[in-house]
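Worksheet for the structure shown next.
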Amino acid sequence: MLQESPTTSWDIRTMCYYTPSIKEKLYLLFLLAVCVVTTIKLVRLWIAAPPFRLNRQSGNPAYWQQLENAKNSLKQWMAVTLLVGGIFTSVSVYDVCNRLLDQEAFGGLLLISIIANFSTPLILCLVVVLFTLLVRWHIMKRMESLLMEGLEL
């Protein structure tokens, strides 16, 4: 017969709480789409002028326009990602508050699990925005390099 030990403890980090909801799956799909779009934009620019061989495109106004368009587009994607992250967090807070209204007791363990559930999507949002920002920074450095090459001629 199985006996319970008085020293048995539960580790909250190893417990499986729930499966992701449709809302969370859509949010993750959106973040993945932003990463894919950003990567495609970067690869297209690298195909036209590979890294460290930018001088091939130094006199090409079409490449400059492509850089400008990618820079502006990534700025918009960063803004949309932050807005979607904010909307997702707001809706999640609303859902959690509705569930908490039904409970009689509010313990510290529940508070910790709520914070843990909110921190993961927010971190994912910030990582995607950071990736997009780094790609945009790379594009701006390419534009600066082309501009400096044009001034040297």
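A short reminder: the numbers here are calculations on the coordinates, not readings from a lab. From a predicted model like this one, the values you see are computed outputs, not experimental measurements. As a convention, Cβ positions derive from the backbone with ideal geometry for all residues, glycine included, and neighbour counts pool all protein chains shown.
For segment 64-69, the Karplus equation 6.51 cos²θ - 1.76 cosθ + 1.60, evaluated at θ = phi - 60°, returns couplings of 4, 5, 5, 5, 4, 5 Hz by residue, with Gly and Pro reported as x. Approximating the spin labels as points 7 Å out from Cα along Cα→Cβ, the LEU111-to-LEU83 distance works out to 3.5 nm.
Name the GluC sites (Glu not before Pro) in segment 59-153 that are in a loop by DSSP and that have at most 13 other C-beta atoms within 10 Å, would you? Of the GluC sites (Glu not before Pro), the ones in loops of segment 59-153 whose Cβ has at most 13 other Cβ atoms within 10 Å are GLU104.
Applying the criteria of a DSSP loop state and at most 13 other Cβ atoms within 10 Å to the trypsin sites (Lys or Arg not before Pro) of segment 35-127 yields ARG53. Qualifying chymotrypsin sites (Phe, Trp or Tyr not before Pro) in segment 84-151, where qualification requires a DSSP coil assignment and no more than 10 other C-beta atoms within 10 Å, comprise PHE106.
Using the Cβ of ARG142 as centre and a radius below 15 Å, the other residues enclosed give a net charge of +4, where K and R count +1 and D and E count -1. Bridgeable lysines around LYS141 (alpha carbons under 25 Å apart, same-chain partners fewer than 8 residues away excluded): LYS41, LYS71, LYS75.
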